[in-house]
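Novice: Structure in C-alpha cells, see below.
All of the numbers you see were taken from the coordinates with simple rules; none came from a lab. All values derive from a computational prediction rather than experimental measurement.
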Amino acid sequence: MPTTVELAAATEAITLPATLQRIVLTGFMGAGKTSVGRILAQQLGWQFLDLDDHLEARAGATIPALFSTHGEPHFRRLESSALANALSRPHTVLALGGGTPEQLTNRLLLEQTPGTVVIFLDAPFETLFDRCMLQSFASPDHIRPVLASPTEAEARFRARQPLYRRLARHTIPTADLTPGDAADQILAAITSHGNL
Ligand code: S3P
C-alpha cells in the first residue's frame, strides 16, 4: 500500500511508494544536494542528513583537516563508514558528498539498501564550479580540498558523471532551477512511480 504524506508546506497530500525510507541526493559539488535536501525533508516531515556533516561529527574533525592530516584515502574510508551508518536511518533525506559514488563499496551500499531511491542533481561543470567559487567567497570556512586545481576538478567531474547517472533512479537537470523547484521535481518523479 502506498503511503500518503501531508506536505508540510502545501495543502495537498502526496502519495509515496509504501516501501520508501530514504531519498539520497547525489551529484557533483555545487549541485545543490544540501539546499534541495533540506527543503525536501522539510516538505515530507522527514529528517535531513548531510553526509559531510555526519562524517565530520563522527570523526571530530573537519574535512579539510582530515585531507591535510591523513590524506584522501583515509577520508574516503571514513566516508564509507559514515554512509553505512546513515543508511540505517528511516524517513531520511540524505545528501551525499560529491565523491561518495566513486567507491564501489558505496555504490553497492546504496544499491543494496532496501527502501532507498537515489536522485542525481545534474548541471554543467562550469555552472557547478562557479557556484562553488561563490560559496567559498560567501563562507570562507567552506573549503573543498578537491577543488584546489580546476583542471583536476573537471577531470573528476567527467569521470563521475557516468557513475552518478547509473546509480540514480531519476536525473534532475538543476542548472535553471531554484532549490524549491528542484525539490518539487524530485517529488513529482518519485510519486509518478507507484513503487521503488
Ligand atoms: C568532495 C565533495 C565534498 C566533500 C569533500 C570531497 C568530492 O562534498 O565530501 O570535500 O570529492 O567531490 P560536497 O559535494 O557536499 O561539497
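Novice: Taking every pair of alpha-carbon atoms in the chain, what share in percent sits in each 5 Å bin, from 0 to the bin with the longest distance?
Specialist: Values per bin, smallest distances first: 1, 8, 16, 21, 21, 16, 10, 5, 2, 0.
Novice: Moving on. So what is the orientation-averaged projected area of the stretch 61-151, using the convex hull of its C-alpha atoms, in nm²?
Specialist: On the way: hull surface 28.0 nm².
Taking a quarter of the hull surface, the average projection is 7.0 nm².
Novice: In cubic angstrom, how much convex hull volume per residue do the alpha carbon atoms of the stretch 92-196 span? Let's see the in-between values first.
Specialist: On the way: hull volume 12.8 nm³, N = 105.
About 122 Å³ per residue, rounded to a whole number.
Novice: As an exercise, find the ratio Rg/Rh for the stretch 1-115 from alpha-carbon atoms, using the Kirkwood inverse-distance average for Rh.
Specialist: For the stretch 1-115, the value is 1.01.
Novice: Go ahead and estimate [θ] at 222 nm for the chain from helices alone: -39,500 (n - 2.57) per DSSP H run with n ≥ 4, summed, over the residue count, rounded to 500. All intermediate terms of the calculation are to be shown ahead of the outcome.
Specialist: Details: 8 runs with 98 residues, N = 196.
The helix contribution divided over the chain gives -15500 deg cm²/dmol.
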